[in-house]
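The values are calculated or read from the model by the stated rules, or taken from the named source; none is laboratory data. None of these values were measured; they are calculated from a predicted model. Neighbour counts are summed over all protein chains in view; Cβ atoms, including those assigned to glycine, are modelled from backbone coordinates with ideal geometry.
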Amino acid sequence: MKWVWRILGGIAALLLLCVAGLWLAGMRPNHGYNYGSVEINRPAAQVWRYLMDDELVKKWTGLDEIRHMTPGVTGAGEKLIVKERYQGQTVEMEMTVVRVEPPHIMEFTLAGLGAPSDRFDERAAYVLEETGGRTRVSLSGKTEYYGTLARLMEPLITPAADKKLAEDLARLKALVEAEPAESPARH
């Protein structure tokens, strides 16, 4: 019977070690920070449409639903409800546009609207830098998680979010570059 208690004790110690490791990893200086970028062989104005047109946004981000909550308000101060499905889970978020400088900068916040244990706040920005008809699109964001389990799992959530961001930006590049390049006269 002693061997059963030893095995259970070993499992408990291993579990405790895993929790402690996740807790320590969650205290690193860059916890919750995401960044991704891609260079697109099109002018910034052509890429910008894919950040502002709801139907185009849905094509590359994985968002299923975008609802505008502040009729008549576009740009800074606009509030939206967005729903995203990822790996079998649906996440509903309130998005607030903080700053818009077309076609170069869009800053926004996201707040998770799920159960209190799943709540999070994110502040992020898209930055578009055009050089010679090519545009570097970067997204950086910082997320804070509020539920105990979400905070504990952050060291696993953040790399998964980085991976999804890279996939989204690759889709954006493919979609924009599939279109003919807009001539400078159209800007």
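Couple of notes before you dig in:
- Matching entry among Ala166, Ala150 (being of a type in the set (Gly, Ala, Ser) and under 21 Å from Lys58 (Cβ atoms)): Ala166
- Filter pass, Thr90 being at pLDDT below 95 and either of a type in the set (Val, Ile, Thr) or touching a His at 6+ places or on another chain (Cβ under 7 Å) (or both): yes
- Within the range 134-187, being touching a Lys or Arg at 6+ places or on another chain (Cβ under 7 Å) and in a loop (DSSP other than H, G, I, E, B) holds for Tyr146, Gly147, Ala181.
- Any hit, the range 122-142, residues being buried (at least 16 other Cβ atoms within 10 Å of the Cβ), within 14 Å of the chain's Cα centre (by Cα) and farther than 23 Å from Gln46 by Cβ: yes
- Evaluating Met106 against the criteria (1) in a loop (DSSP other than H, G, I, E, B); (2) within 15 Å of the chain's Cα centre (by Cα) leaves one unmet condition, (1).
- Of all residues in the range 132-159 being in contact (Cβ under 8 Å) with a residue 12 or more places away in the chain and among the small types (Gly, Ala, Ser), the one that is farthest from Arg49 (Cα to Cα): Gly147
- Test: Val47 is surrounded by 12 or more Cβ atoms within 10 Å (Cβ to Cβ), among the β-branched types (Val, Ile, Thr), in the same structural domain as Arg134 (by TED's automatic domain parsing) and closer than 19 Å to Ala181 by Cα: yes
- Test: residue in the range 26-35 that is of a type in the set (D, E, K, R), outside any helix (DSSP H, G or I) and at pLDDT 95 or above: no
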